[in-house]
Ligand SMILES: [Co+2]
Ligand SMILES: [Co+2]
């Protein structure tokens, strides 16, 4: 029997260390694995975007563009893949279209092949421009369905979203489950429905985290339903809030009508490489190492809970977490059921804290008002009328229904001028884009860039000695 | 749609801590969870047998019979389940039939309900007597198929074994995967074939470890094929060399045609209980916390590799592990492909070491000679003629084909006399059985028993302080 070959996207170089060790891994700790990754037979190698750009300039004194060029050189046979937050690109606001165009063009020039483009609200208008730019650059545009659970999120809703993304010219779709909420049955149902209604030729990729312990089963079911590519991370950089292990996927398919084309010898070497690297980043490791299934009931991602806890403590109200946890689903419902992912998770969480401490919608955060009024994009369901009125009153602006970026005039020229005034600015468009993404961090980075990368990983023996000596800060991020 | 209810056996009180923390958990650290476990709706609660009996008297100064009675009292609504090594009972040799009868009778009297009976070689003659005794006591007899992979182990072979066990009167069957080798497809195929050929009413339980990361998928497939009950461990005592998390199983089935009858509130409390207990046993925790898939190729369980490594080091040949690892599959083949589980894994491993250090079959261990000559039972395939001849010559005995225990005359009376001579012997049949199981350990235990249980768990702060101070032995078992 001819087996169907399932493509695999390896996440070790981006999402895996972002999820497990706060995106702190230095390029020099990845380079040694690149030859094996390149030859292992992956459909693509995710290695850029997400929080890596920010971490590079904020913590590692690494030029992210140089990192991309290095990957390009070290993995000549591989499709390089990145995660792009639609009109936000890699920053934390909406950018004008000319910045979006420039970013996609420059990243393509520097070696990027596959762009996974998503919007936290699943508003296709927020990904439209970047997808068009990717197509213009002749690269692979992947449209994303952010998976979440709510009374308004249905299989048919995802199919409609998939259709809209295909209509934009996407080369493939990604069902993205950042919170490990995707159970096996909906994984099957959504992939099956997309394949049935949009055609078997519609490429579907599935991205799951492993936090809840069920999602390798979900990948199996997605494959049975026709998924073309699934995302995994090499075992030594897997599990916990990260992803399912690549080697387990390979073994899982043995004997089934499916197979991966992966070279197990190469995988074994990649595993060994990162098994040796991982202990260097213990200080940044997530405290979650096992499985957490609470999110299925609370709908609140673990990271969001710790954020709210620290906000409450700062207000001397550390004992009111339970009230806040009960308030979150109500706020989410009032806001039209946004998926809880960056930035909506923070926005909803902070508003829940405000509601508990100061009275229901007595004070709105600016971000929550923007969310309610449509400035982040179209919400899944209607926003509660009372919330819209409070937002209008407090933010002194009206609700919008147009694409938020339509309000932003072109800004690349201005950003270039601002960047050009900075000490250490190199003159390239890449540097302008670095400044555009992180205007608060880039100036410092441009200054210190000549000193070269700073590896924040630590020899485990040294780290242990510091820990024993009670060195302050060593455990700060645990 | 009427959903099919999948039974669940909770492993927290036996196999989970045996696999994760060398069976060291004290009864007092389990008692607090018993009410919630009892009310959570499990099909059964595994809580005795395996290595717990040995650990109780060797390390914890706990009377294992008292532990059983306590569980019986604390979990009045639950089926209590144990793991029994057939004619070996809980010890490390074959016992005479009268000891087998007495052991089953006394454990039933003390509260045991479900007996999972297995033989490392899958020789049904080695489980026949204990299964008959369980039936006679009016309890649930579960026959076991030890899963392994070899050219001789086929789906039809497992079906035949299942048939033989059903013919012995077993109330249910267990497909037992101690090495996490059971991939999803064979899990489906074996369960399906048993149900098809022996009838849908044949109860099939599936027991998997999680070491390789694929076996929750295998449980899903087994359920699709008709499995009635699956084994899991509460999340805070799960994963690594242990088992799949109970809560993940519950969530996995949401939306499918299957469901568990478990109470999530109760599970959450059990989880919290063991999350608090677990750090007390850090010193005994397995070093494996992630996923290890190497066993699919090497066929050698991790514990066996570390055994062989230490044997080699003792011989000053620590550099020859690679040769030994290559020798293991050859020795296993020559011995008729035994599953590699206690005690066959140790027997094959040590012989591989001998072969490498002293020349192929130049010197046989007594155990390997016994294995080759049939003294452990019938091997799956024929033993190589050269090996049989070497075993005969060195052990000066002939191969046997009868049931090994047929060579052992009744011995309970003699064991009672021996036990009666010991200081601290309490006069009960239970004490005779304790002595029978571990004649080297029981005398010391009887003496110290009046001092009461010794909890070897440690307050994490204290353990950390000792570790910082470099207390010897603190990390000995890591
Ligand atoms: Co992700
Ligand atoms: Co087990």
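Read the figures in this text as sums done on the coordinates, not as results from a lab. Predicted model, so just to flag it, every value in this text is computed and none were measured. Methodologically, a virtual Cβ is constructed for each residue, glycine included, from the backbone with ideal geometry; neighbour enumeration extends over all protein chains shown.
May I ask you to sort A:140, B:273 by Cβ crowding, counting other Cβ atoms within 10 Å and putting the fewest first?
Final ranking by Cβ density, sparse to dense: A:140, B:273.
Could you compute the FRET efficiency for residue B:323 and residue B:392, with r as their C-beta to C-beta distance and R0 at 30 Å, rounded to 0.05?
FRET efficiency, residue B:323 to residue B:392: 0.65.
Could the peptides B:247-255, A:10-18, B:381-389, A:435-443 be put in order, highest first, of the mean number of other beta-carbon atoms found within 10 Å of their residues?
Per-residue mean Cβ counts within 10 Å order the peptides as A:10-18, B:247-255, A:435-443, B:381-389.
How high is the relative contact order of the stretch A:368-426? Use alpha-carbon pairs under 8 Å, at least six apart in sequence, and give a whole percent.
35
If each DSSP helix of 4+ residues adds -39,500 (n - 2.57) and the sum is divided by the residues in chain A, what number results at 222 nm, nearest 500 deg cm²/dmol?
-13500 deg cm²/dmol
Distance between Cα centroids, the stretch B:315-365 to the stretch A:283-315: provide it in whole Å.
So the two Cα centres are separated by 48 Å.
Using C-alpha positions alone, give me the convex hull volume of the stretch B:4-284 per residue in cubic angstrom.
119
Evaluate the distance, in nm, between pseudo-label points positioned 7 Å from the Cα of residue A:414 and of residue B:5 along their respective Cα→Cβ axes.
Here the modelled spin labels are 6.6 nm apart.
Just for the Cα atoms in the stretch A:295-406, what are the lengths along the principal axes, largest first, rounded to whole Å?
That gives 41, 28, 21 Å along the principal axes, largest extent first.
Return the distance in nm (one decimal) between the two label points of a simple spin-label model at residue B:315 and residue B:224, each offset 7 Å from Cα along Cα→Cβ.
4.6
From Cα pairs below 8 angstrom and at least 6 apart in sequence, can you work out the relative contact order of chain A, rounded to a whole percent?
For chain A, the relative contact order is 19 percent.
Compactness ratio of the stretch A:147-253: Cα Rg over 2.2 N^0.38 Å, N = residue count?
The reported ratio for this selection is 1.03.
Would you mind giving the mean number of other chain beta-carbons within 10 Å of the Cβ of each residue in B:204-215, as a whole number?
Mean shielding count: 3.
Could you tell me the relative contact order of the stretch B:4-284? Use alpha-carbon pairs under 8 Å, at least six residues apart, and round to a whole percent.
In percent, rounded to a whole number, it is 22.
As a test, work out the antiparallel percent of DSSP beta bridges whose residues both lie in chain A, rounded to the nearest 5.
In chain A, DSSP labels about 0 percent of beta bridges as antiparallel.
How many partner chain Cβ atoms sit within 10 Å of a residue's Cβ in peptide B:173-185, on average, as a whole number?
2
Can you tell me the order of A:87-98, A:400-411 when each peptide is scored by its average per-residue count of other Cβ atoms within 10 angstrom, highest first?
Those peptides, ordered most packed to least, come out A:87-98, A:400-411.
How far apart, in nanometres, would the label points at residue B:401 and residue A:259 be if each is projected 7 angstrom from Cα along the Cα-to-Cβ direction?
It is 4.2 nm.
Can you list, shortest first in nanometers, how far residue B:317 lies from the same residue in the other copies, with each label 7 Å from Cα toward Cβ?
Nearest to farthest, the other copies are at 7.1 nm.
With only alpha-carbon atoms in the gyration tensor, what are the semi-axes of the equivalent ellipsoid for chain B, in Å, largest first?
Working from the Cα gyration tensor, I get semi-axes of 31, 28, 25 Å.
Restricted to Cα positions, what overall size does the stretch A:337-381 have along the principal axes? Three whole-Å values, descending.
Over the stretch A:337-381, Cα extents along the principal axes are 27, 18, 17 Å.
Return the tail of the calculated pair distribution for the protein assembly as shown, meaning the percent of Cα-Cα pairs more than 58 Å apart.
Cα-Cα pairs in the protein assembly as shown separated by more than 58 Å: 15 percent.
Across the residues of A:291-298, average count of Cβ atoms on other protein chains within 10 Å?
For this peptide, the per-residue mean of nearby foreign Cβ atoms is 6.
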